[in-house]
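Chemist: First the structure, then my questions, so here it is.
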Amino acid sequence: MTTDTALAPALDFSRIPHPAPVPGASREQAIADPGFGKVFTDHMVTVEWSDGRGWHGATLGPRAPLTLDPAAAVLHYAQEIFEGMKAYRLADGTMALFRPDANARRFNDSARRMAMPEIPEDAFVEAVRRLALADRDWFPSVDGGSLYMRPFMFASEAFLGVRPAKQYKFLVICSPAGNYFKSGVPAVSIWVSGDYTRAAPGGTGAAKCGGNYAASLVPQAEAIARGHDQVVFLDAAEHRWVEELGGMNVFFVFDDGRIVTPPLTGTILPGITRDSLITLAREEGLAVSEERYSIDQWRGDAESGRLVECFACGTAAVVTPIGRVASEHGEFTIGSGGPGQLTSSLRAKLVAIQRGTAEDRHGWVKRLD
Ligand SMILES: Cc1ncc(COP(=O)(O)O)c(C=O)c1O
């Protein structure tokens, strides 16, 4: 198994001891059934950036509310980016991150698009590593549990002119998370948004910036109101090409074993799960092509039986089968409407690598201690 403990810090981190961490009994109660995004740990990482000084003041300290000037640029012009990643506990008890270098790279890609400063990749990974280790007692022992790590950066300068801010804060917070699905992996039903698009060519679709998610809330609410689980977006120019879900990439599996996923043309988020699954599928000798696939092809291929499986993927749920697709023009079912065979086997392969029960041939798993 490949391991890498050489995650050298590029910044000097100071540690502020927590005066009153949550008592053990309360912590155990909080992580017994943590759900997602509701429970937070004792600590956080903070790093400052200012024009002229660069990155400084890296601190691991008690988690606490922030003080923000009401003129802070993020509150007005939304210079904010984030990442989502998990710290896992491997079968042998070691804590590990999955491809944190890929999250660091994507974070800096987002930073460039939003005219924000890049953070050295090793400092990003070290910040996440330190927090995961400091709060390791918060690791939920529920099956499939993890520590969800949320690195983010925002413009903190108090200035109302429209230009890139000259001060930023980078933080990492940590939230114990339960198994995304309590039992099994159910197939979801998705709604094709007719009125809304997520990203236009030249826009910010490939960046993980808060604004993209704000814009997805109304279409997602529409999907729920119509009785579906998730929304899927079509391209902005022709309203024809399938792009991605609100928070997951999408794959199509055909009866000849071929797999198709939309290409990274700047309007979809380059998912790390997407990339990992492409690699694993190709290793198995499957043909994976990154090519445009239209909503009409989707319906036609599902109805003819050529399309046998379809799934969405992302850090939170890993791989989620898509069973039913609906739009203003009607509805269609994929395969049997339940989880397909390849979907389940790819999911199992990736989860086994993430949990340290299968060989990590690509050095994706970074042990933290
Ligand atoms: C819009 C969007 N697409 C795709 C993904 C999947 O990305 P990843 O596999 O890196 O979690 C996410 C989740 O981060 C997302 O928010």
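Chemist: Among the residues of the stretch 101-119, is any β-branched (Val, Ile, Thr) and more than 18 Å from Lys38 (Cα to Cα)?
Modeler: Here is the first cut: in the stretch 101-119, the residues β-branched (Val, Ile, Thr) are 119.
Keeping just the survivors that are more than 18 Å from Lys38 (Cα to Cα) gives 119.
Within the stretch 101-119 (the criterion being β-branched (Val, Ile, Thr) and more than 18 Å from Lys38 (Cα to Cα)), the answer is yes, since at least one residue qualifies.
Chemist: Does any residue in the stretch 262-289 that is among the charged types (D, E, K, R) come within less than 6 Å, Cβ to Cβ, of a residue that is outside any helix (DSSP H, G or I) and within 11 Å of the ligand (Cβ to nearest atom) six or more places away or on a different chain, and which pairs are these?
Modeler: Arg274/Asn249; Arg274/Cys313
Chemist: Kindly provide the set of residues from the stretch 214-253 that are loosely packed, with under 15 Cβ neighbours inside 10 Å and either within 12 Å of the ligand (Cβ to nearest atom) or of a type in the set (Asp, Glu) (or both), ordered by number.
Modeler: Glu238
Chemist: Right, here's the next one. Are any residues in the stretch 164-212 under 22 Å from Gly37 (Cα atoms), within 15 Å of the ligand (Cβ to nearest atom), of a type outside the set (D, E, K, R) and touching a strand residue (DSSP E or B) at 6+ places or on another chain (Cβ under 8 Å), and if so, which ones? Even if it seems obvious, please write down each step before you answer.
Modeler: First, the residues of the stretch 164-212 that are under 22 Å from Gly37 (Cα atoms): 169-186, 188, 207-212.
Next, from what is left, pick out any that are within 15 Å of the ligand (Cβ to nearest atom): 175, 177, 180, 188, 207-212.
Then keep just the ones that are of a type outside the set (D, E, K, R); that gives 175, 177, 180, 188, 207, 209-212.
Within the stretch 164-212, Ser175, Ala177, Tyr180, Val188, Ala207, Cys209, Gly210, Gly211 meet the criteria.
Chemist: Same structure again: Would you confirm whether any residue within the stretch 149-165 is within 29 Å of Gly356 (Cα to Cα) and surrounded by fewer than 20 Cβ atoms within 10 Å (Cβ to Cβ)?
Modeler: Looking through the stretch 149-165, at least one residue is within 29 Å of Gly356 (Cα to Cα) and surrounded by fewer than 20 Cβ atoms within 10 Å (Cβ to Cβ).
Chemist: At least 3 residues that are at pLDDT 95 or above, of a type in the set (A, V, I, L, M, F, W, C) and within 22 Å of Arg226 (Cα to Cα) in each: list the helices (runs of 4 or more DSSP H) lying fully within the stretch 258-360 that qualify. Walk me through it before giving the result.
Modeler: Working: elements: 272-283, 295-304, 341-354.
Fully inside the stretch 258-360 and qualifying: 295-304.
The values are calculated or read from the model by the stated rules, or taken from the named source; none is laboratory data. Note that the coordinates shown come from a computational prediction; the quantities given were computed from them, not determined experimentally. Note that we place each Cβ from the backbone using ideal geometry, even for glycine, and neighbour counts take in every protein chain shown.
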